[in-house]
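Undergrad: Handing you this structure, nothing more for now.
Rule-based calculations on the coordinates, nothing more; no lab input. Note that the coordinates shown come from a computational prediction; the quantities given were computed from them, not determined experimentally. Every residue, glycine among them, receives a Cβ derived from its backbone with ideal geometry; neighbour counts consider all protein chains shown.
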Amino acid sequence: MDLELKDTPGQLVLALQPISDFEGNIVSVVHHRDKKTPRGMIPVQVAFEISGEKVSGLINKLESIGIIVARVGEERLRESRAGILIGHIIHSDIRDTIDQIDATGYAEVVDLTMSMPGIDQRSSARLVINATGKVEMEYAVELLRNIAREKDLLLIEPI
Amino acid sequence: MKKIRLSIIGFGVIGCGVAKVISKKREYIKHRHGINLELVGIGERNGGIACEDGIDPIEAYNLAKTKEMGKHPCWKEEMSGINVIKEVNADIVVETTPTNVDSGEPGLSHMMTAFKNKRHVVTSNKGPLAVAYKELIKTAEENDVQFRFEASVGGAMPVFNLVRECLQANKILSIKGILNGTCNYILTRMSTEGMSYEHALSEAQELGIAETNPSYDVEGMDTACKLVILANEILGMDNTYKDVEIEGITRITIESLKLASDKGYTIKLIGEVETEKLRVAPRLVPKDHPLAVGGALNVMSLNTDLAGEITITGKGAGAIETSSSILSDVINIAKTLR
């Protein structure tokens with residue numbers, strides 16, 4: 001979230017307090033004291049984790065105390081992990097494999113690269129899964145492990 | 001000068017290597033440590049050599065190489081391994097028979113007999129440790145003798161002695177690494193040369209890196225045995241070979257290595273022990289990661305509470321390299337004896 005603060009003491013604390021009140025977890029704050037916007041305000045970038053439904057309430061609160069919310073960017077799937085699958089990937093329904101991950105709501109297959117050397121030979125695939133957080137990533141990988149076991153695919157995970 | 005009598009049980013590749021290294025390093029060990037190593041017994045399946053006045057290690061080595069052990073003047077058919085352990089007055093028994101992960105035999109009986117006869121044991125044999133670790137440790141303690149097995153994991157790499165001597169104040173939280181040189185060689189060749197699995201395996205066999213029957217290595221059993229020994233000795237667990245989840249490298253394709261490489265990874269067979277779970281599986285390892293060593297090398301990372309991550313690498317096989325670890329154990333025990 002990009003905020004613009006007045007150039008007076010105490011503004012930063014004033015801006016961060018509502019994020020905390022709305023149960024946001026602040027990850028980083030970059031305070032550009034040496035830069036000013038054309039309106040003479042100080043730009044501040046704040047990264048935080050917060051439940052999606054609380055965002056509009058937070059923006060209203062910030063604006064009500066005179067803080068300008070210049071930009072809100074959402075990064076929903078923050079965790080990313082690669083994996084390799086080996087086996088009869090197409091014949092064991094790759095679409096179903098992807099759908100099962102995507103259906104979780106918290107993880108998605110965002111990249112898939114296949115290599116198929118020949119009919120009746122085992123294929124290899126590299127896939128990248130993104131998930132909303134570390135815990136969700138563990139759930140998604142556990143799901144993929146189970147799918148691989150059921151479909152007799154070898155799953156190679158990062159160390 | 002302290003005289004230490006040794007017998008070697010199992011005079012194959014490793015046993016012969018120990019004899020050769022004893023011969024080569026005898027004067028050095030006398031000078032450096034004040035210990036005179038005297039080989040007094042050699043036990044094989046079909047007989048053995050017992051000689052209280054000392055056996056010339058090189059003479060025995062040469063006879064073994066030409067399969068003419070029976071021509072040694074002290075050779076007796078009734079002097080098989082177990083009888084050498086019982087009857088030859090050795091301070092330390094070096095047990096180097098082949099690994100058997102099903103029963104641990106004949107190594108297990110050799111070690112138990114040695115303990116009961118109040119002899120210290122040094123071994124490279126993983127089998128007995130992977131099936132009966134607790135029993136072995138307990139029997140050695142009950143008989144007030146020492147039992148060391150540095151050579152059983154990682155060949156020349158000093159892992160148990162490293163933990164025992166240099167990381168005493170640390171709690172070891174987890175261990176992971178490449179513990180089988182054959183698999184590492186095959187995966188490295190597949191990855192760098194684009195060879196098929198079959199081609200890389202046959203090349204490894206020609207070079208003597210892989211056995212004629214490679215299944216014990218390539219199916220991950222060897223790595224699993226070593227993992228069990230590490231888990232039990234270093235993390236204080238009580239596992240056997242059957243507790244390890246194992247996947248070998250036989251299903252790895254060249255295409256998978258290429259796909260991994262395109263994203264900055266390589267594929268390695270990794271043994272990992274963490275929070276009660278023992279697992280051997282091919283894993284994606286970033287190319288610039290300390291565990292991404294090539295060729296037939298072994299590597300191991302210990303995650304510790306004080307020192308952080310400690311990584312060691314070295315040759316995991318070979319008669320002379322393995323004998324380095326065996327002699328280190330022998331000298332360590334010898335130093336404690338009167």
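Undergrad: Can you give me the Cα centroid spacing of region B:222-268 and region A:5-41 in angstrom?
TA: Distance between centres, Cα-based: 49 Å.
Undergrad: Next up: Along the three principal axes, how long is the protein assembly as shown when you take its alpha carbons, biggest first, rounded to the nearest angstrom?
TA: 101, 59, 35
Undergrad: Here's another thing I want to ask about it. How high is the FRET efficiency from A:Lys54 to B:Glu274, r the C-beta distance, R0 35 Å, rounded to 0.05?
TA: On the way: r = 36 Å, r/R0 = 1.04.
Given R0 = 35 Å and the Cβ-Cβ separation, E is 0.45.
Undergrad: Using the Kirkwood formula on the Cα atoms of region B:170-314, what hydrodynamic radius do you get, in angstrom to one decimal? Before the final figure, lay out the partial values.
TA: Details: mean 1/r = 0.0651 Å⁻¹.
Every distinct Cα pair counted, the radius reaches 15.4 Å.
Undergrad: Once you mark the GluC sites (Glu not before Pro) that are in a DSSP loop and have at most 12 other Cβ atoms within 10 Å, what is the longest gap between them in chain A?
TA: Values: sites that count: A:Glu23, A:Glu74, A:Glu75.
Between the exposed loop sites, the longest stretch runs A:76-159.
Undergrad: What is the list of residues in region A:1-34 whose amide nitrogen lies under 17 Å from a point 7 angstrom out from the Cα of A:Gln45, following Cα to Cβ?
TA: So the set is A:1-5, A:26-34.
Undergrad: I've got another one for you. At A:Ile98 and A:Val30, where each label point lies 7 Å from the Cα along Cα→Cβ, what is the point-to-point distance in nanometres?
TA: With each label placed 7 Å out from Cα toward Cβ, I get 3.4 nm.
Undergrad: Would you please give the FRET efficiency between B:His33 and B:Lys138, computed as 1/(1 + (r/R0)^6) with r the Cβ-Cβ distance and R0 = 41 Å, to the nearest 0.05?
TA: Details: r = 30 Å, r/R0 = 0.73.
The calculated FRET efficiency here is 0.85.
Undergrad: If you don't mind, another one. So what's the projected area for chain B, the Cα convex hull averaged over all directions, in nm²?
TA: 17.0
Undergrad: Another question, then. What share of the DSSP beta bridges in the protein assembly as shown is antiparallel, in percent to the nearest 5?
TA: Numbers: 66 of 88 bridges.
Bridges in the protein assembly as shown are about 75 percent antiparallel.
Undergrad: What lysines does A:Lys61 reach when the alpha-carbon gap must be under 28 Å and sequence neighbours fewer than 8 apart in one chain are set aside?
TA: A:Lys6, A:Lys35, A:Lys36
Undergrad: Looking at region A:1-110, which trypsin sites (Lys or Arg not before Pro) are in a loop (DSSP not H, G, I, E or B) and have at most 13 other Cβ atoms within 10 Å?
TA: Numbers: sites: A:Lys6, A:Arg33, A:Lys35, A:Lys36, A:Arg39, A:Lys54, A:Lys61, A:Arg71, A:Arg76, A:Arg78, A:Arg81, A:Arg95; in loops: A:Lys6, A:Arg33, A:Lys35, A:Lys36, A:Arg39, A:Arg76, A:Arg78.
Within region A:1-110, the qualifying trypsin sites (Lys or Arg not before Pro) (loop, at most 13 other Cβ atoms within 10 Å) are A:Arg33, A:Lys35, A:Lys36, A:Arg39, A:Arg76.
Undergrad: OK, next. At a Cα cut-off below 25 Å, give the lysines reachable from B:Lys116, other chains included and same-chain residues fewer than 8 away excluded.
TA: Correct list for B:Lys116: B:Lys2, B:Lys3, B:Lys76, B:Lys86, B:Lys126, B:Lys134, B:Lys138, B:Lys335.
Undergrad: Another one. Would you please name the trypsin sites (Lys or Arg not before Pro) within region B:1-85 that are DSSP coil residues with at most 10 other C-beta atoms within 10 Å of their C-beta? Mind showing how you got there, number by number?
TA: Working: sites: B:Lys2, B:Lys3, B:Arg5, B:Lys20, B:Lys24, B:Lys25, B:Arg26, B:Lys30, B:Arg32, B:Arg45, B:Lys65, B:Lys67, B:Lys71, B:Lys76; in loops: B:Arg45, B:Lys67.
Here the trypsin sites (Lys or Arg not before Pro) that fit, given the DSSP loop and packing criteria, are B:Lys67.
Undergrad: Mind giving me the nanometre distance, one decimal, between the label points for A:Val13 and B:Lys335, set 7 Å out from Cα along Cα→Cβ?
TA: 6.1
Undergrad: Compute the distribution of all C-alpha to C-alpha distances in region A:2-71, in bins of 10 Å from 0, and list the percent of pairs in each, rounded to whole numbers.
TA: For region A:2-71, the pair-distance distribution reads 20, 59, 20, 1.
Undergrad: Can I ask one more? Subtract the Cα-Cα distance of B:Asp288 and B:Glu165 from 0.36 nm times their separation in residues, and report this length gain in nm to one decimal. Spell out each step's value before the answer.
TA: Values: separation 123, 0.36 × 123 = 44.28 nm, distance 2.94 nm.
Gain on stretching B:Asp288 to B:Glu165: 41.3 nm.
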